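Chemist: The following block contains the structure, expressed as structure tokens.
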Amino acid sequence: MNDQALEARVRDLREQIDYHNYRYYVLDDPEIPDSEYDRLMRELQELEAAHPELITPDSPTQRVGAQPLKEFKEVRHAVPMLSLGNAFSDGEMADFDERVRKLLKVDQVEYSAEPKLDGLAISLRYEKGRLVQGATRGDGHRGEDVTSNVRTIGAIPLRLLGKGWPEILEVRGEIFMPKKGFEELNERVRRKGEKTFANPRNAAAGSLRQLDPKITASRPLSFYAYGWGELSVEKLGDSYSGVMEVIRSYGLPVSPELKVVSGLQGCLDYFAAMSEKRDSLDYEIDGVVFKVNDLEQQQRLGYVSRAPRWAIARKFPAQEALTTVRDVEFQVGRTGAVTPVARLAPVEVGGVVVSNATLHNMDEVRRKDVHIGDTVYVRRAGDVIPEIVRVLPERRPRDAREVVLPKHCPVCGSDIIKPEGEAVARCTGGLFCPAQRKEAIKHFASRRAMDIEGLGDKLVEQLVDQGLVHDPADLYSLSKEQLMALERMGEKSAQNLLDALARSKETTLARFLYALGIREVGEATSQILAQHFGTLEALEQADEEALQQVPDIGPVVAAHIAAFFRQPHNREVIDKLLAAGIHWPRVEAPAAEEQPLAGKTFVLTGTLSRPRNEIKAELQALGAKVTGSVSKKTDYVVAGEAAGSKLAKAEALGITVLDEEQLNNLLANIQ
Ligand code: IVH
């Protein structure tokens, strides 16, 4: 490419990327898949890397790049950033509307309505269409210069789109963290054992106030505009909604919920509709903001102290409240997870009385330092189970008690284990524990386990609910009469089920082990165990050390297996199953070359939907070799999301690359 063509291509790529950002963030209507967007970005990055003289500060590749700061500089707002008056009831809304109508001497006012986003206010300064500064609100007159951080937020354009924008344009709006991003961030933080953020607003504020823009860039922040500051032109329109439309046309996201409503009734209806919609939005809102839509009317109304007379925030009831922890009990879930639940002194949060809050797991109890007797903040967000946000250590009574994980399951009495490095404690009563009964039986009957045809989830639920089946072994003593007495069960289906049960008795050791539903023991591990130990007795007698000798069985899996067979209840159920006639042929290790993937070498790379070890074990059980680096000897590279150099090497060497779905197809076809 000659210089001119190169420059033209770079310009073209930047325009395309900016346009697709606009489709994605502003219109919420992307035109191309992410992979295509990534390809454009990569091409631009490559051209810029080869020709650094072409890099401009507003190139979409230059969002992250600034060095960490020592401190934030102060920014003076030429037009102050105001706050809003609040209304907490319909009555207070009526007062607001009446005041506005009186001052304007009109009967009815047109308002623009939009959600009150729960994030932090920001002022974005564009000069000649380029983003030159981002500043926090601070005290309204002086804020902090967070330009480098703001530049990392994808929803904020570095250059305005279109033409005709004023030379100076300050756009005001809210930076916030979408709920999903917040959950993921907290999960990441939790896994690292660090302190989680109490809510998306704190997470957004903490993320924006980072001296190192790289940290901000790694946080899922977004932005909606809801106003403006300094302008180099007299006005951008006659109404608030009209100006926001213009701002949107410059490529800045504006809430898609923005609507113009008429009079008090219009406001009340919008508020009711938004209260309904609130939980389904993918970001948190704490109310609705109503603004007089006509800008000339706004001007006539003016300001009182630091808030405009022409706007009001109708707030939702508070989502947080203070209460005390009366006790902490432990619940056992369907999969055996033991979860601490705080019993609280009942308190109203956001219009609902709350008396329980989940604590997730013991790590969380320790991190939040919850004691029985503590005074705590509880929070209820949407439909989710209330959570303890934090304790007030200064209010801890002297007789406060520590929370201790019980040694035995509160439901079935089996041991509870919490393997080193795992956050979740579990009941080991698998087959026996009533809390896990239904799930254990559904799993036992499933196609890849005992393959009991016709024994679907609904039927399992009926059998358990009617007390006919307490553990999987009971399935084999069901009579035709018992089955026929069930809902929607005729003689024919009852007989079919009995036949299926009889057929399932002939199985393999690997399937039987898998059917037991031992934690962390999937199909691949079951096969490896069957192969390694040959008999059930040998496996039952293996201690953790012996188990860890098996390829791909680490300490966590070994602990789960040993704990499972240590429970007398589980052994009883196994004995009953064998007594019912379940049997399998002796396991003979297949000659290596008979295994379907014998002689094939795989490399796994990128982010896959399951732990790599699990896939590795599955492949090894089928005779494949799994190595860490790509060479000419590699037969297949399995590439997940964001695969990097290994994928590139495989492509260069012409090795077959499979995505996860293709791998699954391959596995499904050979088993
Ligand atoms: S308008 C002059 N609109 O609420 C009016 N503010 O309590 C300036 N906020 O500092 C604000 N969503 O951070 C407006 N749609 C919205 C908003 C909104 C959230 C925040 C903003 C402001 C605070 C005032």
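The values are calculated or read from the model by the stated rules, or taken from the named source; none is laboratory data. What you see is a predicted model, and the numbers here were worked out from it, not measured in a lab. Cβ coordinates were reconstructed from backbone atoms using ideal geometry, including for glycine residues, and neighbour counts include every protein chain displayed.
Chemist: Under 7 Å by Cβ, and 6 or more places apart or on different chains, what pairs join a residue from the range 19-33 that is touching a residue at least 40 places away in the same chain (Cβ under 8 Å) with one that is in a helix (DSSP H, G or I) and not small (Gly, Ala, Ser)?
Modeler: So the pair list comes out as Val26/Arg248.
Chemist: Further, regarding this structure: Which members of the range 272-281 meet the condition of being away from the ligand (no atom under 13 Å from the Cβ) and within 23 Å of Glu245 (Cβ to Cβ)?
Modeler: Those that are away from the ligand (no atom under 13 Å from the Cβ) and within 23 Å of Glu245 (Cβ to Cβ): Ala273, Lys277.
Chemist: Determine, yes or no, whether Glu284 is under 30 Å from Pro346 (Cβ atoms) and within 14 Å of the ligand (Cβ to nearest atom).
Modeler: Yes.
Chemist: If you don't mind, another one. Taking the conditions exactly as written (under 22 Å from Val341 (Cα atoms), out of contact with any Pro (no Cβ under 9 Å at 6 or more places or on another chain) and of a type in the set (A, V, I, L, M, F, W, C)), does Val424 satisfy them or not?
Modeler: For Val424, the condition - under 22 Å from Val341 (Cα atoms), out of contact with any Pro (no Cβ under 9 Å at 6 or more places or on another chain) and of a type in the set (A, V, I, L, M, F, W, C) - is met.
Chemist: Sticking with this structure for a sec: Taking into account only those residues within the range 226-258 that are among the charged types (D, E, K, R) and more than 12 Å from the ligand (Cβ to nearest atom), which is surrounded by the most Cβ atoms within 10 Å (Cβ to Cβ)?
Modeler: Only one residue fits best here, namely Arg248.
Chemist: Where residues in the range 538-597 are outside any loop (DSSP other than H, G, I, E, B) and among the polar types (S, T, N, Q), which of them is nearest to the chain's Cα centre (by Cα)? Give the steps one after another, and end with the answer.
Modeler: Keep residues of the range 538-597 that are outside any loop (DSSP other than H, G, I, E, B), which gives 538-541, 544-548, 555-566, 568-579, 583, 592-594.
Next, from what is left, pick out any that are among the polar types (S, T, N, Q): 541, 548, 570.
Details: Gln541: 41, Gln548: 33, Asn570: 35 Å.
Of everything passing the filter in the range 538-597, Gln548 is nearest to the chain's Cα centre (by Cα).
Chemist: Further question on the same structure: Exactly one of these conditions fails for Val338: (1) surrounded by fewer than 20 Cβ atoms within 10 Å (Cβ to Cβ); (2) more than 28 Å from Pro317 (Cβ to Cβ); (3) of a type in the set (Val, Ile, Thr). Give me its number.
Modeler: So the condition that Val338 fails would be (1).
Chemist: Inside the range 201-231, can you point out the residues that are part of a loop (DSSP other than H, G, I, E, B) and under 11 Å from Leu185 (Cβ atoms)?
Modeler: Taking the range 201-231 as the starting set, the residues that turn out to be part of a loop (DSSP other than H, G, I, E, B) are 209-212, 218-221.
Residues satisfying the conditions are Ser218, Arg219, Pro220, Leu221.
Chemist: List pairs: first residue in the range 499-524 and under 25 Å from Ala425 (Cα atoms), second residue surrounded by fewer than 19 Cβ atoms within 10 Å (Cβ to Cβ) and of a type in the set (Lys, Arg) anywhere in the structure, Cβ distance under 8 angstrom, at least six positions apart or on different chains.
Modeler: Matching pairs, first to second residue: Tyr514/Arg448; Glu523/Arg448.
Chemist: Pick from the range 144-178 the residues that are assigned to a strand (DSSP E or B), within 16 Å of the ligand (Cβ to nearest atom) and more than 25 Å from Glu234 (Cβ to Cβ): which of them is farthest from the chain's Cα centre (by Cα)?
Modeler: Glu144
Chemist: Separate question: Look at the range 351-363 and say how many of its residues are at negative phi and part of a loop (DSSP other than H, G, I, E, B). First the steps, then the outcome.
Modeler: Within the range 351-363, the first condition is being at negative phi, and the residues that meet it are 352-359, 361-363.
Still in the running and part of a loop (DSSP other than H, G, I, E, B): 359, 361.
Residues that pass the stated criteria total 2.
Chemist: Among the residues that make up the range 292-300, is at least one of them away from the ligand (no atom under 12 Å from the Cβ) and not in a helix (DSSP H, G or I)? Talk me through it step by step, then tell me what you get.
Modeler: Let us first name the residues in the range 292-300 that are away from the ligand (no atom under 12 Å from the Cβ), namely 293-297, 299-300.
Right, trim to not in a helix (DSSP H, G or I) and you get 293-294.
Within the range 292-300, one or more residues are away from the ligand (no atom under 12 Å from the Cβ) and not in a helix (DSSP H, G or I).
Chemist: Okay, next question. State the number of residues belonging to the range 547-568 that are in contact (Cβ under 8 Å) with a residue 60 or more places away in the chain and either touching a helix residue (DSSP H, G or I) at 6+ places or on another chain (Cβ under 6 Å) or farther than 18 Å from Phe512 by Cα (or both). First the steps, then the outcome.
Modeler: Of all residues in the range 547-568, those in contact (Cβ under 8 Å) with a residue 60 or more places away in the chain come to 551-552, 555-556, 559-560, 563-564, 566-567.
Still in the list and also either touching a helix residue (DSSP H, G or I) at 6+ places or on another chain (Cβ under 6 Å) or farther than 18 Å from Phe512 by Cα (or both): 551-552, 555-556, 559, 564.
Counting residues in the range 547-568 that are in contact (Cβ under 8 Å) with a residue 60 or more places away in the chain and either touching a helix residue (DSSP H, G or I) at 6+ places or on another chain (Cβ under 6 Å) or farther than 18 Å from Phe512 by Cα (or both) gives 6.
Chemist: On to the next question. Residue by residue through the range 628-671, note down the ones that are surrounded by fewer than 14 Cβ atoms within 10 Å (Cβ to Cβ) and in a strand (DSSP E or B).
Modeler: Glu641, Thr656
Chemist: Does Arg511 satisfy the condition of being in a helix (DSSP H, G or I), among the charged types (D, E, K, R) and surrounded by 15 or more Cβ atoms within 10 Å (Cβ to Cβ)?
Modeler: yes
Chemist: Are any residues in the range 341-350 surrounded by fewer than 19 Cβ atoms within 10 Å (Cβ to Cβ), part of a strand (DSSP E or B) and modelled with pLDDT under 90, and if so, which ones? It would help to see each step written out before you state the result.
Modeler: Restricting attention to the range 341-350, the residues satisfying the condition of being surrounded by fewer than 19 Cβ atoms within 10 Å (Cβ to Cβ) are 341, 343, 345-348, 350.
Within this subset, residues satisfying the condition of being part of a strand (DSSP E or B) are 341, 343, 345-348.
Answer for the range 341-350, where residues must be surrounded by fewer than 19 Cβ atoms within 10 Å (Cβ to Cβ), part of a strand (DSSP E or B) and modelled with pLDDT under 90: just Glu348.
Chemist: If we keep just the residues of the range 301-337 that are within 16 Å of the ligand (Cβ to nearest atom), among the small types (Gly, Ala, Ser) and within 35 Å of the chain's Cα centre (by Cα), which is modelled with the lowest pLDDT?
Modeler: By that ranking, first place goes to Ala318.
Chemist: Return the pair list, or none, for Cβ contacts closer than 6 Å from residues in the range 245-267 that are farther than 30 Å from Pro157 by Cα to residues that are away from the ligand (no atom under 16 Å from the Cβ) and in a loop (DSSP other than H, G, I, E, B), at least 6 apart or on different chains.
Modeler: Cβ pairs passing all conditions: Gly263/Gln108.
Chemist: Give me the residue from the range 129-143 that is basic (Lys, Arg) and over 17 Å from Gln62 (Cβ atoms) and, out of that set, farthest from the chain's Cα centre (by Cα).
Modeler: Filtering the range 129-143 for residues that are basic (Lys, Arg) and over 17 Å from Gln62 (Cβ atoms), the one farthest from the chain's Cα centre (by Cα) comes out as Arg142.
Chemist: Identify, by number, the condition in (1) among the small types (Gly, Ala, Ser); (2) within 16 Å of the ligand (Cβ to nearest atom); (3) not in a strand (DSSP E or B) that Gly266 doesn't meet.
Modeler: Of everything listed in (1) among the small types (Gly, Ala, Ser); (2) within 16 Å of the ligand (Cβ to nearest atom); (3) not in a strand (DSSP E or B), Gly266 misses just condition (2).
Residue-wise test of (1) modelled with pLDDT under 90; (2) touching a Leu at 6+ places or on another chain (Cβ under 9 Å).
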| site | (1), (2) |
| --- | --- |
| Pro410 | no, no |
| Gly413 | no, no |
| Val424 | yes, no |
| Gly429 | yes, no |
| Phe432 | yes, no |
| Ala435 | yes, no |
| Phe444 | no, yes |
| Arg447 | no, no |
